[in-house]
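Since the structure comes first, as structure tokens, the remarks are kept for the end.
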Amino acid sequence: MPIHEQSLIRPENIKTHDKLEIDGIDVSGHWSTFIESRVVTDYNEALEDEIAALPGGEYIHRCWQCGSCTNSCTVNAVNPDFNPRYWIYLIRTGMESELLRDKDIIWQCISCNKCTYACPRDVEPEGVMKATAHWLEKKGHTPKSPSIIFDELFAEQVIARGKIEESSIIRQFFKRTGQPLMQDWLVAMARGLLMKLPVGLMRRMGLAVLFRPRTSGWSKARAALEEYVEECEREQRRALGLGDGKPE
Amino acid sequence: MTEPVLVVGGGPAGLAAAQALSGVGRKAVLVEKEDRLGGAPILSGYAKLVPTGEWARDAIGGMVGRVEGEAAIDIRTGCTVKEFAGEPGAFTATLSDGATVEAGAAILCTGFTHFDSVNKPEWGFGTFPDVVTTTQVEQMISSERGVRCPSDGRKPKRVAILLCVGSRDRQIGREWCSKICCTVSANIAMEIREELPDCHVYIYYMDIRTFGLYETTYYWRSQEEFKVKYIKARIAEVTSDGERLIVKGEDTLVKRPITIPFDLVVHAIGMDPNVDNLLLSSIFDIELEPHGNIARQSAYGGMGRTSRPGVYVAGAATGPETIDDSIAQANAAAIAALSAAYSTAGKAA
Ligand SMILES: Cc1cc2nc3c(=O)[nH]c(=O)nc-3n(C[C@H](O)[C@H](O)[C@H](O)COP(=O)(O)OP(=O)(O)OC[C@H]3O[C@@H](n4cnc5c(N)ncnc54)[C@H](O)[C@@H]3O)c2cc1C
Ligand code: SF4
């Protein structure tokens, strides 16, 4: 494990004076390397409410900083900088700039939900991680993560047709994430399927690729779902203070 | 009201209620489930009590002795109430031994049940012999055998006390603070340091609730005089490396994972509602509050009234309580029962 305290020092805060005299004593050069303290000058008091407005973030206000989420966390075990308890603290106190320093690792939550079952207050930290990752995207701090892209594709298809067709999801997922279609594991899986699956099922899968079936009488359900999704989107944009509350 | 008052439960609260009644010349029938009086401090063998430092066997044992010496107190041990019917001033209780008791009022002093640590398996109780509860440490001290590791009888060099085991935990449906365990843990920590000066004692906490005057006499004193160390961390799991126990968690103040060896791990167990409460609620036709304790009707007037007129409650039966507050509540319930009887008698005359 890296030396944790080192991560607390920020390069921009290290000050070295070539020439410095304090009370008549020359402390030039390395002797006068100081680390400026980080001073909190403001809290973004809206931050907790913004996270709470996104799915999964609803119970963030319950947290009392016991550390059960962090100490049960699968990702924290390999990367000590991945610290849900700490981020929840930053969000609840409104230390937005501190939170943003970790924007590139927050999405790494693998949703194992160990924290969900350890948390004595039912904060549902896994949900908070999800909400925080969404918040970062919606606020434009991070690009869409692969898992979000996957979720969106999945939802789009279900809403459009009332069914999903795996191969099309996989193909579109690779396209939107800029990955090649021919991946070793996928080829191996397809070969395995060819060898083991019953013929009838294979035929149905093939037909599904060609004809893209829909659930019959889906259009009403689709309209209702679309309306609901739009409404949620609007709500969230309003809560996050983004634009006119119309979907992107 | 000339009928005696039925007191159910012979712990500190029940003893105090019976004593208070006999003190004003009223008869009491004291029904206790176990075969002896004294409640948790005696039945579970507590050592020196908070806040006086007196041994439980002297302080609570003394109460038992005084109650046993009162002619006006009719003691029925090894006994419970099976049926309870009637009106204030004229109740009839049928006991488990078949006897019936006529009573003018009843005071329930049925106390609490210790949390069973097996319900938090990640903290190793029941798996590793050297993971024990505060009750067991109390017994080690009160038996004068001293604090030892159960596995091989050695003197521990490092002890970890985990607070809030079975309290303040939605995962297991226990949404209350047990009130006394922080202070009891500080007390135990000081006793360990006194007996074994070379032993390091760590207390792992989420919050410290040594309420009121216990701040200095337990929290500060344990740190300043006894060098007990307090770490802000809720432990993830207790395992073993084959020789010693391994405690894992996050030290939240330095934002750093910890994996620390200990000889003895102590669970500061909480106070659950009495497992009999549902039964008591149906026998006495009284309401429970949402956590499962016997509900009090008012916090300010008519102390100790339950939802049924003529039936009162005191002590840990109402929720986590200290001994001295349980005793105070028992006295208040006794006076409430007496004054209710007095005013009905006055109206009738
Ligand atoms: C580890 C530990 C240490 C503690 N140390 C301290 C301390 O140092 N100082 C302090 O102030 N407090 C301490 N407490 C709290 C203390 O135990 C309680 O405040 C006290 O026991 C409450 O007294 P009580 O009479 O209300 O209940 P209890 O002591 O629980 O007594 C209830 C009695 O009722 C009987 N009973 C139960 N159900 C029935 C039934 N259905 N029918 C008939 N009888 C029944 C029981 O057998 C028992 O005798 C400690 C608690 C714990 C867990
Ligand atoms: S008294 Fe302390 S140890 Fe006990 S439940 Fe409350 S906070 Fe936890």
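When you count, for each residue, the other Cβ atoms within 10 Å and take the mean per peptide, how do B:261-271, A:113-123 rank with the highest first?
Most protected by this proxy first, the peptides run B:261-271, A:113-123.
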Shielding of A:64-76 by other chains, given as the mean Cβ count within 10 Å, works out to 6
Could you tell me the relative contact order of segment B:117-270? Use alpha-carbon pairs under 8 Å, at least six residues apart, and round to a whole percent. 32
Can you give the accessible area of residue B:278, probe radius 1.4 Å, in Å² rounded to 10? 140
Averaged per residue, the 1.4 Å probe accessible area of the protein assembly as shown, protein heavy atoms only, in Å², is roughly 51
Rounded, prolate or oblate: which fits segment A:123-248 when a ≥ b ≥ c are the square roots of the eigenvalues of the alpha-carbon gyration tensor, with rounded for a/c under 1.5 and prolate only if a/b beats b/c? oblate
Inter-site label distance for residue B:148 and residue A:112 at 7 Å from Cα along Cβ, in nm: 4.0
What percentage of the solvent-accessible surface of segment B:117-270, computed with a 1.4 Å probe over protein heavy atoms, is contributed by carbon and sulfur atoms? 51
Cα centroid separation - segment A:128-171 against segment B:294-336, whole Å: 57
For segment A:61-92 and segment A:1-40, write down the distance between their C-alpha centroids in whole Å. 29
Segment A:148-215 shape via C-alpha gyration tensor axes, a/c threshold 1.5: oblate
Straight distance only, please: which lysines reach the Cα of residue B:27 with their own Cα at less than 26 Å, same-chain residues fewer than 8 apart left out? B:82, B:347
FRET efficiency, 1/(1 + (r/R0)^6) with R0 25 Å, evaluated for residue B:99 and residue B:342 via beta carbons: 0.35
Quick one: order A:193, A:207, B:338 from most to least accessible surface, probe 1.4 Å. A:207, A:193, B:338
Run the 1.4 Å probe and let me know the accessible area of residue A:234, rounded to the nearest 10 Å². 80
Surpassing 20 Å at the alpha-carbon level, of the pairs A:163/A:220; A:130/B:248; A:138/A:163; B:155/B:227; B:48/B:179, are A:130/B:248; A:138/A:163
For residue B:127 paired with residue A:165, estimate the spin-label separation in nm (one decimal), with each label point 7 Å from Cα along the Cα-to-Cβ line. 4.9
Occluded residues from segment B:252-272, i.e. those whose accessible area drops by 20 Å² or more once the chain is not alone (1.4 Å probe): B:252, B:254, B:255, B:256, B:257
DSSP beta bridges in the protein assembly as shown [antiparallel fraction, %, rounded to 5]: 50
Reported to two decimal places, what Rg/Rh ratio describes segment A:47-138 when computed on Cα atoms with Rh from the Kirkwood expression? 0.91
Give me the accessible area buried between chains A and B, both sides summed, with a 1.4 Å probe, in Å² rounded to the nearest 100. 1800
Whenever you get a sec, compute what percent of the accessible area on segment A:148-215 sits on carbon and sulfur atoms (1.4 Å probe). 67
Under 10 Å, Cα contacts only: if you run a Gaussian network model on chain B, which one of B:332, B:299, B:85 comes out with the highest mean-square fluctuation? B:299
So for chain B, averaging the separation of alpha carbon pairs under 8 Å that are six or more residues apart and normalising by length, what relative contact order in percent results? 20
Of the DSSP H helices in chain B, those whose Cα atoms cover at least 24 Å axially and whose Kyte score averages 0.0 or more: B:323-348
Got a number for carbon plus sulfur as a percent of segment A:14-99's accessible area, 1.4 Å probe? 53
Taking the chain alone as reference and the full protein assembly as comparison, with a 1.4 Å probe on protein heavy atoms only, the residues of segment B:198-237 that lose at least 30 Å² of accessible area are B:206, B:232, B:234, B:236
Enumerate cysteines in chain A without a disulfide-compatible partner, where compatibility requires another Cys Cβ under 4.7 angstrom. A:63, A:66, A:73, A:109, A:112, A:119, A:232
In a Gaussian network model over chain B where Cα atoms closer than 10 Å are linked, find which of B:89, B:153, B:45 has the largest mean-square fluctuation. B:153
Suppose accessible area is computed on protein heavy atoms with a 1.4 Å probe; arrange B:243, B:195 from highest to lowest. B:243, B:195
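The values are calculated or read from the model by the stated rules, or taken from the named source; none is laboratory data. Keep in mind that this is a model prediction, so the values were computed, not measured. Positions of Cβ are backbone-derived with ideal geometry, glycine not excepted, and every protein chain shown enters the neighbour counts. Note: areas computed on protein heavy atoms with side chains; ligands, DNA, RNA excluded. Shrake-Rupley method; radii C 1.70, N 1.55, O 1.52, S 1.80 Å.
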